[in-house]
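Beneath this line is the structure, given in structure tokens, with notes to follow.
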Amino acid sequence: MSNQVNSVKYLLGAKRLLMAGGVSLDPHGIVINAEGLGKTYDGVKWALRNADLSVNRGKVVTLLGPNGAGKTTLVRILTTELEPSTGKLIILGEDALRNPERVRPRIASIPQEAKPIYFVTPYELVFSYLVFRGFSISDAKAEARRALEELGLWGVRNKIMNNLSGGYKRRALVAMALASNAELVFMDEPTTGLDVFSRRSVWDALARLKGNSTVILTTHYIEEAEFLSDEVIIMNNGLVVSRGTVSELLSKVNGEYVVEVYGISKPIFEGYSYVKLNNRYLVYVDTSEDSSLIASECAKIGGKALMRRKTLEDVVIRLIGGWYSDEPTGDLDSS
Amino acid sequence: MSLQGIWTQVKSVIVFAWFYGWLAVIREPFWLVSSLLNPLSIVVIMTIFGGVRYMSFGLLGGLAMAVSSSGGFTIIGDAAYLRLELKYQSMLINTRLNPISYTLGLALSELTYALPGLAVFIILIQLIMRIPASLYLIIIPILALEWVAASMLGFTLSTLMNDVRYGWSLSGILGFLLGTLPPVFYPAYLLPTPYIALVSPVSIVSTVLQYIILKANYPQELIKLSVIVLLAETVIFTILALRKSRWRSIY
Ligand SMILES: Nc1ncnc2c1ncn2[C@@H]1O[C@H](COP(=O)(O)OP(=O)(O)OP(=O)(O)O)[C@@H](O)[C@H]1O
Ligand SMILES: [Mg+2]
């Protein structure tokens, strides 16, 4: 209904900002523009530090990083739900810190720890949410039905939440955001706890949403991040450590294949890049022949090896985990 | 705000009440009973010790109390639960709802399941006091103001809680401080000065009801002041909910 109105408003908003000499932005392209965002909950530790961010329209951007990295903190600030301690934030051409009420109706978000009201059905949950978003009653009914069908929830539309399993509850929440057709959709770990089939139905729904909507995701499932993201932002310790397309990030790690080795007392991978992580070594090689060779060498000295393709997980490990060396050094090289 | 915008808000409030009130009523009917019991138990005790004369005061106080708990005091617990436990408020922030329509939606939900209890009070009051229908033209707006004021205050307070358990206990404490301790169930003229009734919206309403229904002996000044204070509280608490409640989080 109001897409046109919204885009006109958006243009006006962006223009105002440009004229006011605010953060400069391309009115067509950039939906999120953040500068120096920071958050401390207790005044001592920074949960998010000095984050700069710009996100283009129609993209799927995934936040990746270990527990406590600051992903949820960043998402909550971007949805205008949490006030940052520092920084500037322009969303959809509006100053989201000064006028959050102008951007809020154009955003949909599913928080990480959201739970559905327990005495209602998935249909009632999605339908009412759409009415709150300004849909007419008939549009809300139609879109609720479409989203529930898309996520395989139509069959349980009349069951109350209390009688549904955890994965179904999570899907009902995801259906809310997907049905919204909002310009900007945030989902904090939407697929956590979902089975292999329903995860794929969420992926399909996200693919449909893409193009019209910009999606910000967080996930701990690496293959999901690789499969869905136009851009990945890797965070650690409240900092944005790195960002780029999946292939740009993958190129930060040498090799194509990875051999994960454990059960050996010292590394025997001279000439290869490797990382030590707790008691295991991750060795990066270029060919599958090399990985077979390493695996069999390790087997000879009683180790176990697992061969796999290089993934974003290795980028995360490379950037924020273990230590990394092209040549083994120090006491590890005592042979 | 445009007419269209207002209609969206009204529609949302009604759908909210259907969703969170009516569906709860039909699926969890035992809630109906609990909202009635607090005020009714006081009426029972008053009637046993004071006789039928005090029953009238008790019933009017019970009505005033039931209206404020059907909004404000119960909202504190519910709103804290929806925000902290379910993160529902965080989701609804990104909709067209604002703190006022959200609060009214919640309050109308509470009212939905308090309705049978309120009906019991009104029927008893009607049976015993035989109020002329025209008086309801004054009674209903007064009760409505009380309901809005209590709800806005309740919501604002609930957003300051960071643990759901505090929300539930604060509802109880406020119910006592504002709904039981001041002259709600007993006439304010028993106190050194009846102006003490002005301390709480609930006792204000109770006092006004006693004045217009029971012809209780209050200075006219007090009644005028009561209505003014009630109006002012409604406006102030609404502005507080809009500007000072934590619609977004700080933690
Ligand atoms: N409400 C809060 N009050 C105080 N500290 C908080 C709060 N929320 C998060 N933190 C702290 O902020 C840091 C970042 O937390 P955040 O929830 O953003 O991490 P995350 O990357 O989303 O982690 P996860 O993968 O576990 O969801 C953590 O150190 C956490 O303890
Ligand atoms: Mg998180």
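Pairs linking a residue in segment A:66-79 that is polar (S, T, N, Q) to a residue that is within 8 Å of ligand 1 (Cβ to nearest atom), with Cβ atoms under 6 Å and 6 or more positions apart or on different chains, are A:Thr72/A:Gln112; A:Thr72/A:Asp188; A:Thr73/A:Lys39; A:Thr73/A:Ala47; A:Thr73/A:Leu48.
Scan segment A:59-117 for residues that are under 20 Å from A:Tyr221 (Cα atoms) and either within 16 Å of ligand 2 (Cβ to nearest atom) or open to solvent by 50 Å² or more (accessible area, probe 1.4 Å) (or both) and report the count. Quick ask: steps written out before the conclusion?
Within segment A:59-117, the subset under 20 Å from A:Tyr221 (Cα atoms) is A:59-75, A:109-114.
Then keep just the ones that are either within 16 Å of ligand 2 (Cβ to nearest atom) or open to solvent by 50 Å² or more (accessible area, probe 1.4 Å) (or both); that gives A:59, A:61-75, A:109-114.
The total comes to 22.
Restricted to segment A:166-199, and to residues there that are of a type in the set (Asp, Glu) and within 12 Å of chain B (Cβ to nearest Cβ), the residue that is nearest to A:Val156 (Cα to Cα) is A:Asp188.
In this structure, does B:Pro182 turn out to be out of contact with any His (no Cβ under 6 Å at 6 or more places or on another chain), of a type outside the set (S, T, N, Q), over 23 Å from A:Thr79 (Cα atoms) and part of a loop (DSSP other than H, G, I, E, B)? Yes, satisfied. Collect the residues in segment A:296-323 that are assigned to a helix (DSSP H, G or I) and either of a type in the set (D, E, K, R) or under 33 Å from the mean Cα position of the chain (by Cα) (or both), keeping them in residue-number order. Scanning segment A:296-323 gives A:Glu297, A:Lys300, A:Leu312, A:Glu313, A:Asp314, A:Val315, A:Val316, A:Ile317, A:Arg318, A:Leu319, A:Ile320.
Looking at segment A:104-127, which of the residues that are in a helix (DSSP H, G or I) and without any contact (Cβ under 8 Å) to a residue 60 or more places away in the chain is farthest from the other protein chains (Cβ to nearest Cβ)? Break it down into steps so the answer makes sense when it comes.
Initial filter on segment A:104-127 (in a helix (DSSP H, G or I)): A:104-106, A:122-127.
Now narrow it down to the ones that are without any contact (Cβ under 8 Å) to a residue 60 or more places away in the chain: A:104-105, A:122-127.
On the way: A:Arg104: 5, A:Pro105: 5, A:Pro122: 13, A:Tyr123: 11, A:Glu124: 6, A:Leu125: 8, A:Val126: 11, A:Phe127: 8 Å.
Looking at residues that are in a helix (DSSP H, G or I) and without any contact (Cβ under 8 Å) to a residue 60 or more places away in the chain, I get A:Pro122.
None of B:Ile250, B:Ile204 is within 14 Å of another protein chain (Cβ to nearest Cβ) and either open to solvent by 10 Å² or more (accessible area, probe 1.4 Å) or not polar (S, T, N, Q) (or both) except B:Ile250. Among the residues of segment B:112-151, those identified as of a type outside the set (A, V, I, L, M) and under 19 Å from B:Ile42 (Cβ atoms) are B:Pro116, B:Gly117, B:Phe121, B:Glu146.
Considering every residue within segment B:103-113, establish whether at least one is open to solvent by 10 Å² or more (accessible area, probe 1.4 Å) and more than 14 Å from chain A (Cβ to nearest Cβ). Scanning segment B:103-113 turns up at least one residue that is open to solvent by 10 Å² or more (accessible area, probe 1.4 Å) and more than 14 Å from chain A (Cβ to nearest Cβ). Against the numbered list (1) more than 9 Å from ligand 1 (Cβ to nearest atom); (2) touching a Leu at 6+ places or on another chain (Cβ under 9 Å); (3) more than 14 Å from every other protein chain (Cβ to nearest Cβ); (4) over 17 Å from B:Asn94 (Cβ atoms), A:Gly58 comes up short only at (2).
The criterion of at least 3 residues that are more than 28 Å from B:Asn94 (Cα to Cα) and open to solvent by 10 Å² or more (accessible area, probe 1.4 Å) is met, among strands (runs of 3 or more DSSP E) falling completely within segment A:164-266, by A:257-262. In the set B:Glu233, B:Glu221, only one residue is closer than 13 Å to B:Leu145 by Cβ, surrounded by fewer than 24 Cβ atoms within 10 Å (Cβ to Cβ) and more than 16 Å from ligand 1 (Cβ to nearest atom); that residue is B:Glu233. If you go through segment A:32-49 and keep only what is away from ligand 2 (no atom under 12 Å from the Cβ) and outside any loop (DSSP other than H, G, I, E, B), you end up with A:Ile32, A:Asn33, A:Ala34, A:Glu35, A:Gly36, A:Leu37, A:Gly38, A:Lys39, A:Thr40, A:Trp46, A:Arg49. The residue that is modelled with the lowest pLDDT, among those in segment B:23-64 that are among the small types (Gly, Ala, Ser) and more than 14 Å from B:Ile125 (Cα to Cα), is B:Ser35.
Look at A:Asp52 and say whether it is surrounded by fewer than 23 Cβ atoms within 10 Å (Cβ to Cβ), within 12 Å of ligand 1 (Cβ to nearest atom) and outside any helix (DSSP H, G or I).
On the way: surrounded by fewer than 23 Cβ atoms within 10 Å (Cβ to Cβ): yes; within 12 Å of ligand 1 (Cβ to nearest atom): no; outside any helix (DSSP H, G or I): yes.
Here the answer is no, as A:Asp52 does not meet what is asked.
The values are calculated or read from the model by the stated rules, or taken from the named source; none is laboratory data. Remember, predicted model here, so these are calculated numbers, not experimental data. With ideal geometry, Cβ positions are generated from the backbone for all residues, glycine too; neighbour counts draw on all protein chains shown. Remember, those area values only see protein heavy atoms, side chains included, never the ligands or the DNA or RNA. Shrake-Rupley method; radii C 1.70, N 1.55, O 1.52, S 1.80 Å.
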